[in-house]
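Working notes for the structure below.
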Amino acid sequence: MKTPISTSKLYVHRFLKPQKSSTTTHLRRLSVAPDSTQPPSQEELTKTAVTQLKTTDDWISDTNLHQQLLTLPPQSLIKIARQLETSSKALKFFHFIHDNPSQPLSPLPLPSIFQTVLELAMREEDSGSLVDLFNLSKELKVPLTPNSAILLIRYFFRVKKVEESLQLYNELDPDAKNTNVKNTLLGLLWRSNNFEDAHKLLDEMLQPDTKFPPNETTLSIVFSVLLRWNCGKEDEKIIGLIPKFGRHGVFPCNVWLTQLITRLCRSYRNDKAWDLLYELMEFGKLEAGPCNALLSGLSKERNYKRINLLLNKMKENSIKPDIVTFGMLVNHLCKSRRVDDALDMLKKMKEGSDGISIKPDVILYNTLIDGLCKVGRQEEGFLLMEQMKQEHNYAPNVITYNCLIDGFCKSGEIERAQDLFDQMNKEGVVPNVITVNTLVDGMCKHGRISNAMEFFRKMQEEKGINGNAVTFSTLISAFCNVNNIDKAMRLFDEMESLGSPDAVAYYSLISGLTLAGRPDDAGFIASKMKKAGFLMDLVTYNTLIGGFCRKKKLDKAVEILKDMEDSGIKPDSVTYNTLISYFTQNGDFESAHKFLKQMVKDGNAPTVVTYGTLIHAYCVSGNVDEGLNLFEEMLITSKVVPNTVIYNILIDSLCKCKKVDHALSLLDGMLQKGVRPNATTYNAILKGVSSRNRLEDGFRVMKLMTSQGCNPDYITMEILNDWLCSVGEVDTLKQFVEGFQVSSAA
């Protein structure tokens with residue numbers, strides 16, 4: 001039979017090279033020897049055909065071979081194709097079968113043979129041949145098998161031809177679009193960030209009447225997207241489809257679901273996690289793990305109402321809580337300082353009063369012990385540790401002891417904390433750096449710095465615990481607080497030799513040096529801090545500026561201010577108030593007003609401290625009028641209400657300048673604005689009116705003092721005694737002091 005001429009031969013030539021014919025070549029027949037009495041079996045024919053086709057390309061003209069090949073069933077023909085070594089041989093065999101169909105009743109194995117050609121071409125990594133083969137299948141109208149479709153879809157994605165993959169899928173026979181094909185395309189679409197088409201395909205698979213529903217592989221693809229990739233809003237769409245898997249009998253495993261719920265809660269999407277779990281509960285396959293993940297998220301946002309609802313829902317759906325569930329609930333209750341409720345839960349766990357009896361573990365006991373210590377009930381925590389040992393034979397670990405030691409240290413019971421430390425050593429529990437830090441901190445905070453230092457050295461020598469940044473920072477801060485700067489500096493040097501100090505150590509030393517009146521040394525440590533890669537914060541800059549101001553190194557303070565601004569940290573009201581105060585004390589009112597303007601420009605509204613500082617400076621320098629002008633400006637242009645201190649400064653200065661009437665009017669204005677005068681206010685006024693011997697004004701002020709319930713102090717009595725006795729008003733003085741308890745001078 002002659003092979004019909006077809007344009008498909010153009011594709012054949014791409015694979016086949018012309019072979020020289022040889023008249024001396026003799027082809028072996030597929031049949032067995034002539035003396036054989038039985039015909040060869042299909043298996044023998046298949047094996048012989050494979051050998052023949054693999055050893056020569058010139059078998060097209062062998063009529064006997066053709067006839068015997070065409071007698072083989074489709075499955076044998078597919079088997080032959082799969083054993084050929086190259087795509088060119090397989091394609092030649094494919095064309096032979098295509099152009100020489102067998103009996104009409106036998107289905108042609110063409111799609112499967114063509115699949116073999118594709119597989120061989122894929123192995124040969126001949127990219128161009130795959131495109132040609134795809135075009136050949138369309139020209140010859142050979143339907144692709146699902147596996148052929150998968151091979152071509154993967155190839156098109158590999159060469160970044162996504163549209164061709166989608167077109168191929170759309171042109172497939174409906175029966176070829178099975179779940180495996182859909183899964184392949186779905187995964188590749190998501191990998192190429194083609195979310196829209198991926199979502200459409202997934203939605204198609206999840207339809208109730210779909211012929212090819214999703215399977216476990218589909219769900220694993222979906223979870224790989226949700227758990228590893230950041231798809232933004234696409235997450236919401238995909239998560240909404242997960243419950244639909246359950247209607248096809250596919251349910252996510254609890255590990256996947258726990259991971260997803262955890263991710264949602266960590267990204268502050270507790271509502272989404274809540275909705276998802278509620279929908280999945282209807283399938284009755286949920287376990288405690290995903291519920292625990294949601295409980296953790298709800299605990300962090302302190303959503304007590306939903307915690308209780310979820311626990312009730314777990315009970316309704318027969319989801320048994322495990323030790324993790326109870327541990328999280330106990331932890332949540334302890335952090336909410338509801339320790340008695342946590343203890344009650346422990347009791348229910350052990351008794352099984354809610355139908356679930358779970359043996360508590362060491363972690364749960366440690367949580368309860370820590371909770372008791374945090375609310376100052378460390379003795380109960382100690383008894384709970386003893387109960388843990390007696391009832392369950394649990395050995396306390398280093399965390400148990402650390403919690404108790406911390407509790408006793410915070411309550412000031414340092415000896416008891418040291419006794420616990422000795423007990424843990426006797427029981428063979430090895431202390432860690434947290435144990436050391438807890439005891440060192442407790443000793444330092446309760447004035448036992450020498451003991452803390454001695455204990456730390458002992459731990460270094462005996463236990464090999466050299467401490468960490470927290471240990472050194474605690475000790476450095478403690479020595480700075482008692483003004484033992486030299487000791488703090490030596491510890492800092494030791495810390496540097498063991499490793500880089502942390503920010504807290506730098507801050508502590510800078511603060512200590514500044515308070516000790518050594519701002520230059522503090523500045524040197526600050527420069528080392530910056531070289532070490534730490535950024536100074538606003539508090540540290542303000543500390544340095546204050547230190548240089550107190551030493552009247554105002555130029556250096558301005559340098560620090562400039563460095564602060566260059567570092568991108570904006571000065572606050574504390575910064576400006578400090579500079580304004582010391583520049584005015586130095587008599588540089590011009591610079592002080594510049595800082596005031598800059599303060600307003602930077603968005604820091606002047607405070608009562610700002611105005612009080614300037615007014616006081618003007619008054620001290622004898623320029624009361626400027627102080628009054630600023631006071632008026634404060635009343636009119638700012639929202640800052642003057643306080644008693646500012647009124648006292650002005651009243652005292654006016655009285656000293658013999659402007660008693662102005663001082664009296666300020667006192668009246670003070671009362672009208674609801675600012676309460678104190679003994680200092682009245683003493684200044686009384687001293688002013690007594691110097692002018694204005695008895696009527698003096699009596700009015702004394703009456704005001706009585707009506708306001710302001711107790712006179714010894715200064716008040718000294719002023720009135722000297723004045724009233726000299727003018728014969730002793731009875732008035734006696735009436736004034738009756739009922740008052742004279743306080744000491746402030």
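Residues that are crowded, with 23+ Cβ neighbours inside 10 Å and of a type in the set (Phe, Trp, Tyr) within segment 520-544 comprise just one, 541.
State whether one or more residues within segment 603-616 are closer than 30 Å to residue 530 by Cα and polar (S, T, N, Q). Yes, some residue in segment 603-616 is closer than 30 Å to residue 530 by Cα and polar (S, T, N, Q). Output the residue which, of all residues in segment 325-346 that are touching a residue at least 24 places away in the same chain (Cβ under 8 Å) and outside any helix (DSSP H, G or I), is surrounded by the most Cβ atoms within 10 Å (Cβ to Cβ). Across segment 325-346, the extreme among qualifying residues is 336. Just for segment 366-392: of the residues that are farther than 19 Å from residue 323 by Cα and polar (S, T, N, Q), which one is modelled with the highest pLDDT? This residue is 378.
Scanning segment 436-462 for residues that are under 18 Å from residue 424 (Cβ atoms) and in contact with a helix residue (DSSP H, G or I) (Cβ under 7 Å, 6 or more places away or on another chain) turns up 436, 437, 438, 439, 440, 441, 442, 443, 455, 456, 459. Can you find even one residue in segment 676-684 that is more than 30 Å from residue 592 (Cα to Cα), at pLDDT 90 or above and within 56 Å of the chain's Cα centre (by Cα)? Among the residues of segment 676-684, at least one is more than 30 Å from residue 592 (Cα to Cα), at pLDDT 90 or above and within 56 Å of the chain's Cα centre (by Cα), which makes the answer yes.
Being under 27 Å from residue 226 (Cβ atoms) and surrounded by 15 or more Cβ atoms within 10 Å (Cβ to Cβ) is the requirement here; does residue 186 meet it?
The answer is yes for residue 186.
Within the set 262, 258, 217, the sole residue that is more than 30 Å from residue 328 (Cα to Cα), modelled with pLDDT of 85 or more and hydroxyl-bearing (Ser, Thr, Tyr) turns out to be 217. Only a single item in (1) surrounded by fewer than 22 Cβ atoms within 10 Å (Cβ to Cβ); (2) assigned to a helix (DSSP H, G or I); (3) touching a helix residue (DSSP H, G or I) at 6+ places or on another chain (Cβ under 7 Å); (4) of a type outside the set (Ser, Thr, Tyr) is not met by residue 465, and it is number (2).
Entry remark, segment 412-432: residues being in contact with a helix residue (DSSP H, G or I) (Cβ under 7 Å, 6 or more places away or on another chain), in a helix (DSSP H, G or I) and within 17 Å of residue 389 (Cβ to Cβ) number 2 in total. Residues that are over 20 Å from residue 218 (Cα atoms), without any contact (Cβ under 8 Å) to a residue 24 or more places away in the chain and of a type in the set (A, V, I, L, M) occur at least once in segment 120-138. Among the residues of segment 56-89, those identified as hydroxyl-bearing (Ser, Thr, Tyr), in a helix (DSSP H, G or I) and at pLDDT 70 or above are 76, 87, 88. Criterion applied to 349, 314 was being part of a helix (DSSP H, G or I), closer than 25 Å to residue 274 by Cβ, of a type in the set (A, V, I, L, M, F, W, C) and without any contact (Cβ under 8 Å) to a residue 60 or more places away in the chain, and the one residue passing it is 314. Taking residue 635, is it farther than 19 Å from residue 577 by Cβ, under 57 Å from the mean Cα position of the chain (by Cα) and surrounded by fewer than 20 Cβ atoms within 10 Å (Cβ to Cβ)? For residue 635, the condition - farther than 19 Å from residue 577 by Cβ, under 57 Å from the mean Cα position of the chain (by Cα) and surrounded by fewer than 20 Cβ atoms within 10 Å (Cβ to Cβ) - is met.
So which of 560, 569 ends up being in contact with a helix residue (DSSP H, G or I) (Cβ under 6 Å, 6 or more places away or on another chain) and surrounded by fewer than 18 Cβ atoms within 10 Å (Cβ to Cβ)? One residue alone meets the criteria, 569. Scanning segment 656-666 finds one or more residues that are under 30 Å from residue 605 (Cα atoms) and among the polar types (S, T, N, Q).
Any idea which of 586, 577 is exposed (fewer than 15 other Cβ atoms within 10 Å of the Cβ) and free of Cβ contacts under 8 Å to residues at least 60 places away in the same chain?
None of the other options fit; the residue is 586.
Residue 322: surrounded by fewer than 14 Cβ atoms within 10 Å (Cβ to Cβ) and under 19 Å from residue 365 (Cβ atoms), yes or no? Judged against the criteria, residue 322 is not a match.
Listed by first and then second residue, the pairs linking a residue in segment 183-207 that is without any contact (Cβ under 8 Å) to a residue 24 or more places away in the chain and in a helix (DSSP H, G or I) to a residue that is crowded, with 22+ Cβ neighbours inside 10 Å and not aliphatic (A, V, I, L, M), with Cβ atoms under 7 Å apart and 6 or more places separating them unless they lie on different chains, are 198/190; 201/182.
Take residue 168 and decide whether it is part of a helix (DSSP H, G or I), over 28 Å from the mean Cα position of the chain (by Cα), free of Cβ contacts under 8 Å to residues at least 60 places away in the same chain and buried (at least 19 other Cβ atoms within 10 Å of the Cβ). Yes, satisfied.
Note on segment 371-421: among residues that are farther than 24 Å from residue 358 by Cβ, polar (S, T, N, Q) and buried (at least 19 other Cβ atoms within 10 Å of the Cβ), the one that is farthest from the chain's Cα centre (by Cα) is 378.
Is it the case that residue 517 is surrounded by fewer than 18 Cβ atoms within 10 Å (Cβ to Cβ), in contact with a Lys or Arg (Cβ under 9 Å, 6 or more places away or on another chain) and not in a helix (DSSP H, G or I)?
When the stated conditions are applied, residue 517 passes them.
Hey, any hits in segment 360-375 for a residue that's under 30 Å from residue 318 (Cα atoms) and not in a helix (DSSP H, G or I)? Scanning segment 360-375, I find at least one residue that is under 30 Å from residue 318 (Cα atoms) and not in a helix (DSSP H, G or I), so the answer is yes. The residues on offer are 680, 732, and the sole one that is in contact (Cβ under 8 Å) with a residue 12 or more places away in the chain, of a type in the set (Ser, Thr, Tyr) and under 30 Å from residue 641 (Cα atoms) is 680. How many residues does segment 589-619 hold that are closer than 18 Å to residue 649 by Cα and surrounded by fewer than 15 Cβ atoms within 10 Å (Cβ to Cβ)? Result for segment 589-619: 0.
The values are calculated or read from the model by the stated rules, or taken from the named source; none is laboratory data. Small disclaimer: the values here were computed from a predicted structure and weren't measured. Don't worry about glycine lacking a Cβ; one is built from the backbone with ideal geometry, like all the others, and counts go over all protein chains shown.
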